[in-house]
Amino acid sequence: MDKAEFIEALNIIEKEKGIDKEIIFEAIETSLVTACKKNFGTSQNIVVDMNRETGEIKVFAQKEIVEEVEDPMLQMSVAEAQILNPSYKVGDIFNEEVTPKDFGRISAQTAKQVVVQKFREAEREILFNQYITKEKDIVTGIVQRKEKKNVIIQLGKIDAILAPGEQIAGEEYNFQDRVKVYVLEVKQTTKGPQIYVSRTHPELVKRLFEQEVPEVHDGVVEIKSIAREAGSRTKIAVYSKDPNVDAVGACVGQNGYRVNVIVNELHGEKIDIINWNEDPTEFIAAALSPSKVVAVEINAEEQSAKIVVPDHQLSLAIGKEGQNARLSAKLTGWRIDIKSESQAEATGFFDEAE
């Protein structure tokens with residue numbers, strides 16, 4: 001490739017890849033200074049100039065103009081300099097061309113290396129800028145392979161890592177499976193952007209509702225809080241800003257269509273949708289759904305609540321291995337103590353708080 005072709009190639013790269021060719025010119029010049037000193041063993045102050053129009057490269061040794069020369073490699077007397085140009089004075093810099101005879105081959109090799117490196121860096125930067133905007137959002141990827149316990153998921157031109165702790169227990173990730181994931185973090189590394197994704201994060205459920213429920217996407221219905229045990233059960237509290245819109249009904253959809261799409265995406269994970277209420281008594285009672293609540297007594301100072309449910313619904317309120325009570329507490333932010341009616345009566349449950 002001759003000089004004209006090289007300049008034209010830089011113009012094309014600048015246009016197609018968005019790489020400022022001035023960055024490449026400066027990098028080539030800097031690299032050639034190192035190459036010149038390495039290959040020709042000079043101790044001079046070397047600068048390299050690359051013509052932006054023709055691609056011609058020249059090497060100069062910079063010499064400071066002084067009254068009396070102590071180091072001829074780095075200095076030039078003012079008397080000698082003024083023979084060349086009478087305007088020179090002490091303190092000026094004289095650039096003496098010292099382009100080595102065999103410099104063309106070295107400069108071509110160096111230029112190629114720099115362009116390739118800058119091209120890679122620019123591509124990494126473009127990819128990073130593309131995916132950093134997707135951080136804390138949901139994307140669809142294709143399962144590629146497993147590396148140790150990590151699942152590698154292809155997102156367009158880049159792979160993401162689904163770490164073991166972000167995988168849903170019991171969920172299978174087979175080659176070429178399409179899967180929706182939540183982007184936890186996008187990091188820039190020396191090898192390019194590194195993307196970490198999750199299938200267990202509560203925000204994944206929120207983003208899925210934003211995709212499937214227009215009222216949530218538009219902000220008419222707001223998801224106030226989420227409590228999730230990935231792969232098993234999720235509770236979400238929703239609130240409608242429009243009195244004419246039923247928040248729960250909008251999220252469930254006709255015949256349960258909208259919520260079922262999300263349940264299917266999460267491979268059968270159960271989802272309870274309840275109405276958020278600024279009154280903690282009402283909110284806590286709703287959070288324990290599907291169990292009915294007979295009475296609620298709250299202690300605002302301790303952020304705790306005592307709940308009474310019908311005898312036959314105690315196990316339902318607590319849930320298998322305490323899951324329903326645990327998720328309700330996480331959803332509301334209140335510590336919850338549940339008793340059946342007969343237990344509450346026998347132990348003076350509410351009297352304890354007095």
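The values are calculated or read from the model by the stated rules, or taken from the named source; none is laboratory data. Keep in mind the model is a prediction, meaning the values are calculated, not measured. Because the Cβ atoms are built from the backbone with ideal geometry, glycine has one as well, and the counts that use them run over all protein chains shown.
Sort out which residues of region 280-318 are assigned to a loop (DSSP other than H, G, I, E, B) and within 36 Å of the chain's Cα centre (by Cα), and write them in order of number.
Within region 280-318, Leu288, Ser289, Gln303 qualify.
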Margin query: Looking at region 67-89 only, could you name the residues that are in contact (Cβ under 8 Å) with a residue 24 or more places away in the chain and within 27 Å of Lys37 (Cβ to Cβ)?
Written below: Met73, Leu74
Next item on the list: Could you list, in sequence order, all residues of region 240-259 that are within 21 Å of Asn324 (Cα to Cα) and either touching a helix residue (DSSP H, G or I) at 6+ places or on another chain (Cβ under 9 Å) or touching a residue at least 60 places away in the same chain (Cβ under 8 Å) (or both)?
Entry: Cys251, Val252, Val259
Notebook entry, point to check: Is it the case that some residue within region 174-189 is surrounded by 20 or more Cβ atoms within 10 Å (Cβ to Cβ), modelled with pLDDT under 95 and of a type in the set (Val, Ile, Thr)?
Noted result: yes
Margin query: Residues to consider are Val238, Val216; find the one that is part of a helix (DSSP H, G or I), aliphatic (A, V, I, L, M) and within 30 Å of Glu278 (Cβ to Cβ).
Written below: Val216
Margin query: Going residue by residue through region 341-349, is there one that turns out to be in a helix (DSSP H, G or I), of a type outside the set (S, T, N, Q), crowded, with 17+ Cβ neighbours inside 10 Å and modelled with pLDDT of 95 or more?
Written below: no
Next item on the list: Please go through region 319-340 and pick out each residue that is farther than 23 Å from Val205 by Cβ and either assigned to a loop (DSSP other than H, G, I, E, B) or over 42 Å from the mean Cα position of the chain (by Cα) (or both).
Entry: Lys339, Ser340
Next item on the list: Give just the number: which of (1) surrounded by 14 or more Cβ atoms within 10 Å (Cβ to Cβ); (2) closer than 17 Å to Phe119 by Cα; (3) among the hydrophobic types (A, V, I, L, M, F, W, C) does Ala61 not satisfy?
Entry: (2)
Notebook entry, point to check: Where in region 107-196 are there strands (runs of 3 or more DSSP E), lying fully within it, with 1 or more residues that are of a type in the set (Phe, Trp, Tyr)?
Noted result: 178-189
Check: Of Thr34, Thr99, which residue is of a type in the set (S, T, N, Q), free of Cβ contacts under 8 Å to residues at least 24 places away in the same chain and not in a strand (DSSP E or B)?
Finding: Thr34
Next item on the list: Restricting attention to region 9-29, report how many residues are surrounded by fewer than 12 Cβ atoms within 10 Å (Cβ to Cβ) and either more than 33 Å from the chain's Cα centre (by Cα) or among the polar types (S, T, N, Q) (or both).
Entry: 1
